[in-house]
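As structure tokens, the structure follows; a few thoughts come after it.
The values are calculated or read from the model by the stated rules, or taken from the named source; none is laboratory data. As the structure is a prediction and not an experimental result, all values here were calculated from the model. Please note: Cβ atoms are built from the backbone with ideal geometry, for glycine as well, and neighbour counts cover all protein chains shown. We work out accessible area using only protein heavy atoms, side chains counted, and drop any ligands, DNA or RNA first. Shrake-Rupley method; radii C 1.70, N 1.55, O 1.52, S 1.80 Å.
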Amino acid sequence: MAEVVLKEVVKHYGAHIAVNHVSLTVGDGEFVALVGPSGCGKTTTLNLVAGLIPMSGGEIHIADRLVNDLDPKDRDIAMVFQNYALYPNKSVYKNLAFPLQMRKLAKPDIDAKVKEAARVLDITHLLERRPRELSGGQQQRVALGRALVRDPAVFLMDEPLSNLDAKLRVQMRSELKRFHQDLHTTVIYVTHDQLEAVTMADKMAVMSGGFLQQYDAPDMVFAKPVNTFVAGFIGSPAMSLVPVQVVRKGDAVWLRSVDGWEFELSAENGHKALSATSDKVVLGARHSTLRIHKSAEPGTVPGRVYIVEPTGDVTFAQVKLGASIIIVSLDPHFPIAPDEPVFVEFNQNKLHLFDGETQMALAAA
Amino acid sequence: MTDATFSSRAITKRPIDWWRWSGRVFLVFLLLFTVLPMVWMVLTSIKTQFAAMQYPPQWWPAEPTLQNYARLLDPSNSVGQEFLRYFWNSFYVALTTTVIGVVVAVPAAYAFSRFRFPGRTFLFFSVLLRNMFPAVVFLMPLFLLMRWLGLVNTHGSLILTYLTFGLPLSIWLLKGFYDNIPIQLEQAARIDGATRFQAFILIVMPLSSPGIIATSIFSFIGAWNEYVYAYTFLSKQESMTLPVGIQRFFTEFATDWPGLMAATFLMSVPVVVLFLVLQKYFVRALTEGAVKN
Amino acid sequence: MSTVTGQAAFAGDPAVSPRRAGLLRRIVNHRADYLYVLPAIVVMLVVIGYPIYYTIELSLFKTPPNLQMKDKIFVGLDNYVTILRSASFRDVTLNTLIWTAGSTLFAFLLGLGAALSLHREFMGRGVLRALLLIPYVVSAVAASYVWKWLYHSDFGVIGALAVQFQLSDRPINFLDNLHSVLPSLIVVNIWKEFSFAMIMLMAGLQTVPDQLLRAAQVDGANAWQRFWHVTFPHLKSVSMVTVLLLMVANFNSFIIPWIMTGGGPAGASDIWITQIYNLAFGRQRYGVASAYSVILFIVMMTLGYFYVRALTRGDEARAG
């Protein structure tokens with residue numbers, strides 16, 4: 001059981017900064033997902049925690065111990081790799097036994113632990129096989145087993161599900177979550193799939209360009225994205241983001257698009273919009289907060305349906321507001337056709353406003 | 001799978017026969033070009049001296065004889081003694097070169113494949129560039145160097161030279177193999193409690209054995225066939241290797257073509273057998289690195 | 001790749017000098033990594049670095065024939081002038097070019113033909129490939145003696161066959177004829193090395209994606225068009241490397257001309273390498289031979305540059 005603390009961690013390769021002053025605390029027993037697009041520094045961060053690559057600056061503590069200069073083997077961690085990294089020339093049994101052998105456990109103890117892990121993961125019948133004779137899902141279990149036998153303080157997982165097919169991925173996702181609920185071990189989990197992060201993690205750390213963008217519980221990240229990057233990355237389909245201009249009309253504050261449409265903001269949103277560094281702001285709205293009208297009503301803006309995508313439970317419509325496209329979710333029975341002129345209503349309580357210059361979320365002053 | 005093979009067959013079945021046939025004719029021509037000289041070598045080697053020196057030639061030996069081989073392989077006569085000594089010398093030099101070469105090349109290739117240290121690229125290119133230099137350029141300075149080291153007329157001089165000239169290629173080949181071993185395996189091992197060295201010995205080494213075999217074949221065949229340095233460094237008859245020794249044999253028995261053909265045949269046997277048995281590795285080694293997806 | 005690391009390693013440029021401190025620290029940080037390459041580097045330095053230095057030094061001296069190097073006399077660039085002015089230099093260079101270009105071109109073309117013909121699976125393909133590779137594996141010494149016997153002026157089988165098929169009225173003297181000697185040697189060289197090109201190109205052919213060929217077929221391309229538009233572009237980089245390797249090998253090949261003719265008759269098959277050997281070990285003119293070596297060296301470095309470029313084009317992405 002252990003807490004993991006990163007303080008101002010930096011990693012650069014020459015002039016390229018892969019991890020830029022990242023600080024975060026992973027509580028004891030927490031499941032934390034590091035999430036972001038490829039190249040955002042999440043895997044590098046994980047490798048730094050593992051000690052596989054040297055740090056350029058900062059501190060990492062695991063279980064109250066400064067581990068900066070410790071070898072991976074001395075950090076009391078286990079890791080599951082994206083390609084599983086099973087030793088191809090060893091049987092499953094020997095793969096599971098390897099970490100215990102390295103720690104010089106007695107043979108009977110090794111045997112007992114390997115069999116126990118195999119039983120838990122339901123791979124007992126595979127113990128004599130070689131990794132290449134296993135299916136993807138079975139390899140995944142063995143990789144998990146190899147991490148499990150050691151009973152480490154922290155589990156590190158680097159996109160462990162991304163090599164599985166879609167159906168198996170959903171199944172393993174539930175199993176991993178169940179496994180964490182039973183064991184209550186600290187887990188740091190790297191993924192590019194925000195859905196995995198949202199469904200499994202206690203907290204998610206959204207990274208981009210080497211920076212930690214936001215670190216919070218998934219529902220908070222979803223409800224209050226700190227900037228346009230997080231807003232556009234979390235949620236599926238993503239939040240629609242439209243650059244607009246703030247215009248004052250007497251006491252009222254309006255948003256106006258270069259395409260000509262405009263609508264009035266509520267008083268609270270008006271305050272937010274005026275706190276931006278310039279008159280440029282970015283308007284954000286999730287698909288479920290938008291409504292479609294067939295005729296012009298006060299506060300709506302005109303658009304034209306571009307694509308209609310039925311998914312069964314819900315239908316998504318992409319609507320063109322001039323040059324920008326926004327996504328709206330609709331009841332599957334709602335009659336709508338491509339190229340139809342429609343009117344979109346923004347829910348003033350649920351829209352997001354971001355500073356057009358800094359891209360940061362605007363808060364009421 | 002069956003589907004794919006079926007459809008590809010279906011495609012090739014609709015033939016532009018002209019292409020296929022020209023390919024076949026070409027292959028037959030190449031086969032004759034390659035094989036006929038070897039056939040003639042073997043045919044000559046089972047002729048008597050008298051039968052070989054006739055015009056027009058005996059296309060097929062009238063009285064085939066293994067006498068030429070018997071003489072070369074019989075340790076009780078002086079020719080046999082000499083030939084077997086050359087054979088043993090070649091074998092000793094080639095084997096030693098191969099073993100030491102692998103021991104030195106393995107860590108170097110691993111480092112080139114895995115580490116990013118300053119000057120690594122420069123070192124690597126200097127290693128590679130060695131491939132470009134003609135042996136003759138190095139002959140004289142190396143001869144003087146060997147004389148200074150007191151290694152002239154010893155097998156040590158050849159082993160040292162072959163090692164150096166074999167190393168760039170060996171390192172390059174092995175690096176290709178290490179590049180194909182995922183680094184995550186070592187990372188996993190280090191997290192599992194192994195030191196970097198243990199990860200190398202316990203995980204990487206067993207996986208790179210095909211590469212080591214391939215490199216060994218190359219190095220052995222190269223050393224076995226080498227002529228220029230052996231020709232210059234070795235002047236004493238008892239230390240000569242086969243390619244040099246055979247020349248001596250030829251000048252001593254100036255017109256004994258059947259004997260010479262038997263000797264070249266015997267000289268080729270070890271490398272050809274080695275090649276045929278380990279062909280898969282040999283071909284892979286030959287093309288490794290030059291062909292990338 | 002070379003440029004990127006080259007900059008980091010030789011940060012002589014003042015603009016890059018802030019990196020210098022970083023470089024030192026990086027070297028110190030990586031000191032353990034150097035241990036892996038140290039054995040290789042030490043051997044290379046002694047056996048390669050020293051001879052290169054020595055050859056360049058010696059090329060500036062007139063040397064006595066008895067190898068008493070302490071008696072050598074500094075002559076500046078005289079040796080180079082001697083070579084470039086000598087009557088034989090032009091002929092030898094021409095021979096070298098014919099030898100290299102002829103061998104490389106035909107070995108490559110035969111190899112390409114063989115690779116294309118062998119690409120399709122058929123019975124006995126593996127055996128055929130192995131047979132064609134044997135000349136590449138056997139020693140050039142063995143090859144030279146066998147072909148010397150085939151070319152023999154009185155009892156050579158090729159001459160006899162020519163008479164048999166009435167292409168000639170008497171046995172042909174291949175190796176003692178000023179005009180036929182070089183082509184005859186080139187044939188031997190091609191025999192020895194065409195299968196190298198074959199095997200490289202076969203490996204290259206395997207990287208041609210099947211899907212692309214199918215797509216081209218669907219698009220209506222015939223066999224030749226598929227080769228020209230799909231297969232050949234994929235073979236480009238392999239072909240580059242193969243041609244460069246063949247060129248280097250041919251520039252440097254010594255055994256076949258040396259054993260079969262020794263450069264004769266009357267220098268008709270003399271190439272740079274045999275010339276250098278003759279100068280050094282035949283006539284004991286080490287200074288001149290060294291200067292010759294340096295010239296050859298420069299040519300090789302140029303080829304080597306292209307070789308490394310062709311070879312590492314794919315390496316860069318992986319190193320990232």
Inset, instruction - Residue by residue through the stretch A:162-206, note down the ones that are within 15 Å of the chain's Cα centre (by Cα), outside any helix (DSSP H, G or I) and crowded, with 20+ Cβ neighbours inside 10 Å. - result: A:Val187, A:Ile188, A:Tyr189, A:Val190, A:Thr191, A:Ala201, A:Met204, A:Ala205, A:Val206
Inset, instruction - Specify the residue that is most open to solvent (accessible area, probe 1.4 Å); the eligible residues are those in the stretch B:54-71 that are more than 14 Å from chain C (Cβ to nearest Cβ) and outside any loop (DSSP other than H, G, I, E, B). - result: B:Gln67
Inset, instruction - May I ask you to list pairs of residues, at least six apart or on different chains, whose Cβ atoms are under 7 Å apart, with the first in the stretch B:182-208 being closer than 18 Å to A:Gly145 by Cβ and the second being among the hydroxyl-bearing types (Ser, Thr, Tyr)? - result: B:Leu185/A:Tyr87; B:Ile203/A:Tyr87
Legend entry - C:Ser269, sole failed condition from (1) in contact (Cβ under 8 Å) with a residue 12 or more places away in the chain; (2) over 19 Å from C:Ser103 (Cβ atoms); (3) more than 10 Å from chain B (Cβ to nearest Cβ): (2)
Legend entry - Single unsatisfied condition, B:Phe50 versus (1) touching a residue at least 60 places away in the same chain (Cβ under 8 Å); (2) in a helix (DSSP H, G or I); (3) within 14 Å of chain C (Cβ to nearest Cβ): (1)
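Which of the residues belonging to the stretch A:207-219 are touching a Lys or Arg at 6+ places or on another chain (Cβ under 9 Å) and part of a helix (DSSP H, G or I)?
A:Pro218, the sole residue that qualifies.
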Inset, instruction - Scan the stretch B:192-247 for residues that are within 12 Å of chain A (Cβ to nearest Cβ), among the small types (Gly, Ala, Ser) and either assigned to a helix (DSSP H, G or I) or more than 23 Å from B:Leu173 (Cβ to Cβ) (or both) and jot them down. - result: B:Gly193, B:Ala194, B:Ala199, B:Ser209
Legend entry - the stretch A:126-161 - residue that is out of contact with any Ser or Thr (no Cβ under 7 Å at 6 or more places or on another chain) and of a type in the set (Asp, Glu) and, of those, least open to solvent (accessible area, probe 1.4 Å): A:Glu133
Legend entry - Condition broken by B:Ser170, with the remaining ones in (1) touching a residue at least 60 places away in the same chain (Cβ under 8 Å); (2) within 14 Å of chain A (Cβ to nearest Cβ) satisfied: (2)
Legend entry - 1 or more residues open to solvent by 10 Å² or more (accessible area, probe 1.4 Å) and not charged (D, E, K, R): qualifying strands (runs of 3 or more DSSP E) within the stretch A:1-59: A:4-13, A:16-26
Inset, instruction - Search the stretch B:219-239 for residues being of a type outside the set (Gly, Ala, Ser) and open to solvent by 40 Å² or more (accessible area, probe 1.4 Å), and hand back the single one that is nearest to B:Pro168 (Cα to Cα). - result: B:Tyr231
Legend entry - Every residue from the stretch B:85-101 that is within 18 Å of B:Phe249 (Cα to Cα) and either in the same structural domain as B:Thr44 (by TED's automatic domain parsing) or exposed (fewer than 15 other Cβ atoms within 10 Å of the Cβ) (or both): B:Trp88
Legend entry - All positions within the stretch B:181-197 that are loosely packed, with under 15 Cβ neighbours inside 10 Å and at pLDDT 90 or above: none
Legend entry - Test set (1) of a type outside the set (Phe, Trp, Tyr); (2) out of contact with any Pro (no Cβ under 6 Å at 6 or more places or on another chain); (3) within 14 Å of chain C (Cβ to nearest Cβ) - B:Val104 fails condition number: (2)
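Results for (1) touching a His at 6+ places or on another chain (Cβ under 8 Å); (2) under 30 Å from C:Ile298 (Cα atoms); (3) surrounded by fewer than 16 Cβ atoms within 10 Å (Cβ to Cβ); (4) facing another protein chain (nearest Cβ under 10 Å), shown as yes or no for each residue.
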| site | (1), (2), (3), (4) |
| --- | --- |
| C:Pro183 | no, yes, yes, no |
| C:Ser195 | no, yes, no, yes |
| C:Met202 | yes, no, no, yes |
| C:Ala221 | yes, no, no, no |
| C:Arg226 | no, no, no, no |
| C:Thr242 | no, yes, no, yes |
| C:Trp258 | no, yes, no, yes |
Inset, instruction - Scan the stretch C:204-218 for residues that are facing chain B (nearest Cβ under 9 Å) and under 22 Å from C:Leu133 (Cβ atoms) and jot them down. - result: C:Gly204, C:Gln206, C:Thr207
Inset, instruction - Filter the stretch B:174-191 for residues that are within 31 Å of the chain's Cα centre (by Cα), part of a helix (DSSP H, G or I) and closer than 18 Å to A:Met157 by Cβ and give the result. - result: B:Ile183
Inset, instruction - Residue by residue through the stretch A:231-248, note down the ones that are of a type outside the set (S, T, N, Q), modelled with pLDDT of 90 or more and more than 12 Å from the chain's Cα centre (by Cα). - result: A:Met239, A:Leu241, A:Val242, A:Pro243, A:Val244, A:Val246, A:Val247, A:Arg248
Inset, instruction - Tell me, please, whether a residue that is touching a residue at least 40 places away in the same chain (Cβ under 8 Å) and among the small types (Gly, Ala, Ser) can be found in the stretch A:10-21. - result: yes
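Within the stretch A:128-139, does at least one residue satisfy the condition of being in a helix (DSSP H, G or I), hydroxyl-bearing (Ser, Thr, Tyr) and more than 14 Å from chain B (Cβ to nearest Cβ)?
no
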Legend entry - Options B:Gly23, B:Gly80; residue that is surrounded by 15 or more Cβ atoms within 10 Å (Cβ to Cβ) and in contact with an Asp or Glu (Cβ under 6 Å, 6 or more places away or on another chain): B:Gly80
Inset, instruction - Tell me, yes or no, whether the stretch C:89-96 has at least one residue that is open to solvent by 30 Å² or more (accessible area, probe 1.4 Å), more than 13 Å from every other protein chain (Cβ to nearest Cβ) and charged (D, E, K, R). - result: yes
Inset, instruction - Would you mind telling me which numbered condition in (1) within 14 Å of chain B (Cβ to nearest Cβ); (2) over 25 Å from A:Ser38 (Cα atoms); (3) not small (Gly, Ala, Ser) A:Glu116 fails? - result: (1)
Inset, instruction - Answer yes if at least one residue in the stretch C:202-219 is more than 26 Å from C:Asp270 (Cβ to Cβ) and not assigned by TED's automatic domain parsing to the domain that holds C:Pro265, and no otherwise. - result: no
